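The values are calculated or read from the model by the stated rules, or taken from the named source; none is laboratory data. Treat the numbers as computed from the prediction; the structure is a model and nothing was measured. Cβ: placed from backbone, ideal geometry, glycine included. Neighbour counts: every protein chain shown.
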Amino acid sequence: MHVKWKTHRILVVVTTVLSVCVFAAGLFYQSVRMRGALGIPLADLPTLGSPRAPIEIVIFEDFRCYGCRTFNEEIFPQVESRYITSGRARYTFVPVAFMSGSKPLGNAAIAVHKQAPDRFFPYIRELFRYAEMRQGRESDPAVFVKIAKKVGGIDLKELEKSIKTERYYNELERNYQWAKRIMGRKFGTPALFVNGALTSTASFRAVELKIDRALEGSEP
């Protein structure tokens, strides 16, 4: 009986240790996953797609950037339909503001994400269109609220407060510093990364090839 009791205790201890190890490994994996292949925390950034998707897509964009507007109008919808909605890719948008007059737009976009994450992508679609119409001229913050009203599902009074207080300017600066650290001399927007690798945004075909190759590499 004594031997059986000792064996039972050993089994209990071993089982407990293994459980703790598995739990710790899970936390570590989740931590790595949340930081992403670029080494920046992705959890609080605007994201579409399954957290279990094998492909991580991260894009840095400035709302005054012509290439960013073109990407969002012409290429992103194809990426979304082919890879994001199918569960094969997770897409994270990192707003930066380094171009003249872009901080108010970026601030409004982040403010919308903070209070209504599901309205962020519909909102920035309209925000990019507005920025294109302004063509470098100073933005009218009142229009940001009108756009939010058009999109719907956004607390307009809360958005107005965020706009007036420039609430998320520090966050935009943080994102900008991330971008410069990651890209170095290659800094520019739009900057698209597929599983941590900088990818051309010249065409959907260029993005498609990169993602498909990454998918092939992720298969067991």
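A few remarks follow.
- Applying the criterion of being closer than 18 Å to residue 188 by Cβ and out of contact with any Pro (no Cβ under 9 Å at 6 or more places or on another chain) to the residues of segment 85-100, the residue that is surrounded by the fewest Cβ atoms within 10 Å (Cβ to Cβ) is 100.
- Those residues of segment 100-127 which are farther than 22 Å from residue 36 by Cα, in contact with an Asp or Glu (Cβ under 7 Å, 6 or more places away or on another chain) and touching a residue at least 40 places away in the same chain (Cβ under 8 Å), in sequence order: 102, 107, 115
- Criterion applied to 126, 138, 132 was being outside any helix (DSSP H, G or I) and acidic (Asp, Glu), and the one residue passing it is 138.
- Any hit, segment 130-140, residues being modelled with pLDDT of 95 or more, touching a helix residue (DSSP H, G or I) at 6+ places or on another chain (Cβ under 6 Å) and assigned by TED's automatic domain parsing to the domain that holds residue 95: no
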